[in-house]
Amino acid sequence: KPTAMFVGRYQPFHSGHRALIEEGIRRVGQACIAIRSTHGSSDGKNPYTLDEVEELIHRGMAGLKGKYRVVRLPNITNVMYGRDVGYKIEKIELDAATEAVSATEIRKQQKQDPSKP
């Protein structure tokens, strides 16, 4: 089946990620959520392990079971393609409030209150 592909760090997975992926599912039918393996690669920017990220994705995507699949990738830094590859590269623009959701700010809040996932 046609599938929308989303590649990210998801450090942590948040409502903006879900909104983006939901829109991809709405447009295409299902999604592949690809987690880049970045844990510990930058000072404080990638605190979650692949297992933790995957668990946060499954919790965050509640109610959409069967509409998405999670896969793990190495630390993809470049996406390259040749001519006529048979897929589109498309940017989804969401409302300003959703686009303002920031994993960096979420991580800062978590440092202040570690009980927040």
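Couple of notes before you dig in:
- Along the chain, the longest continuous region that contains none of the trypsin sites (Lys or Arg not before Pro) in a DSSP loop with at most 12 other C-beta atoms within 10 Å is 1-64.
- Compared with the direct C-alpha span, the chain from Phe6 to Ser41 gains 10.6 nm at full extension, assuming 0.36 nm per residue.
- Rolled with a 1.4 Å probe across the full set of protein chains, the surface gives His39 an accessible area near 100 Å².
- In sequence order, the stretch 98-106 has phi-based couplings of 5, 5, 7, 4, 10, 5, 4, 5, 4 Hz under the Karplus curve 6.51 cos²θ - 1.76 cosθ + 1.60, θ = phi - 60°, and Gly or Pro positions carry x.
- Carbon plus sulfur fraction of accessible area for the chain, probe 1.4 Å, in percent: 50 percent
- Full extension of the chain between Asp113 and Val71 yields a length gain of 12.1 nm, computed as 0.36 nm times the residue separation minus the alpha carbon distance.
- Of the GluC sites (Glu not before Pro) found in the stretch 19-106, the ones in coil according to DSSP and having at most 15 other Cβ atoms within 10 Å of their Cβ are Glu90, Glu93.
- Annotation: extensible slack from Arg26 through Leu50 equals 6.0 nm (criterion: 0.36 nm per residue apart, minus Cα-Cα distance).
- Over the chain: helical MRE at 222 nm, DSSP H runs n ≥ 4 each giving -39500 (n - 2.57), nearest 500: -9500 deg cm²/dmol
- In straight-distance terms, cross-link reach from Lys91 covers every one of the aspartates and glutamates whose alpha-carbon lies under 20 Å from its own, apart from those fewer than eight places away in the same chain; here that gives Glu22, Glu23, Glu99.
- For chymotrypsin sites (Phe, Trp or Tyr not before Pro), the sites in the stretch 1-87 that DSSP calls loop and that have at most 11 other Cβ atoms within 10 Å are Tyr81, Tyr87.
- Taken per residue, the accessible surface of the chain reaches 69 Å², heavy atoms only and a 1.4 Å probe.
- Over the chain, relative contact order from alpha-carbon pairs under 8 Å, at least 6 apart, %: 31 percent
- Note on Leu64 and Ile92: the model spin-label points, each 7 Å out from Cα along the C-beta direction, lie 0.6 nm apart.
- Matching label, Rg and Dmax of the Cα atoms in Å computed from the structure shown, candidates (i) 14.7, 42; (ii) 14.7, 49; (iii) 17.7, 53: (ii)
The values are calculated or read from the model by the stated rules, or taken from the named source; none is laboratory data. Fair warning: this is a prediction, and the values are worked out from it, not measured in the lab. Reconstructed Cβ throughout: ideal geometry from the backbone, glycine too, with neighbour counts over all protein chains shown. In case anyone asks, the SASA skips ligands and DNA or RNA and just uses the protein heavy atoms, side chains included. Shrake-Rupley method; radii C 1.70, N 1.55, O 1.52, S 1.80 Å.
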